[in-house]
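Just so it is clear, none of the values below were taken in a lab; they were calculated from the coordinates. In this text the structure is predicted, and so the values were computed from the model without any measurement. So basically every Cβ, Gly included, is an ideal-geometry build from the backbone, and we count neighbours across all protein chains shown.
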Amino acid sequence: MNSLPSPEQATDILFGQIYRPAFLGRLESRGYSPRNEKEASDMLELAAKLQIAKEHEAEKVAADTGNFYAEANNALGYVLGVQVMPEQVKEAAAQDQMQSLNKIAADVMQDPDIFNSVLTQMSCEAGQFAQISG
């Protein structure tokens with residue numbers, strides 16, 4: 001069996017083989033395709049900065065209202081343009097999404113580099129949790 005990658009290598013593998021293609025594919029499905037590698041990198045960097053800004057704003061709003069989860073949910077719904085759905089639609093969407101995620105997870109875990117990278121990430125998270133709780 002292959003040895004586990006370092007945490008940095010694991011992050012690079014997961015970013016390059018999972019996150020980056022998924023992110024760019026999602027943008028492409030909405031009509032936003034990078035014309036070159038520089039644009040792809042800029043899109044990824046912009047997304048990271050927007051995520052940081054969203055988290056910062058959500059923390060600020062949560063501090064003001066005391067209900068972080070409700071405010072984060074509302075803010076995300078606003079950003080995504082999502083309307084509140086009836087419960088049956090929510091359940092069907094969640095079930096469909098879970099089935100899709102399970103299939104994707106089963107497919108990508110066939111790649112030993114990705115499998116080992118996930119193990120490395122989980123090991124690091126477990127170590128961090130042990131330090132916090134111990």
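For an R0 of 30 angstrom, estimate the FRET efficiency from the Cβ-Cβ distance between Gln9 and Gln51 and round to the nearest 0.05.
Plugging the Cβ-Cβ distance into 1/(1 + (r/R0)^6) gives 0.85.
Take 42-55, 5-18 and order them by the average number of nearby Cβ atoms within 10 Å per residue, most first; the result is 5-18, 42-55.
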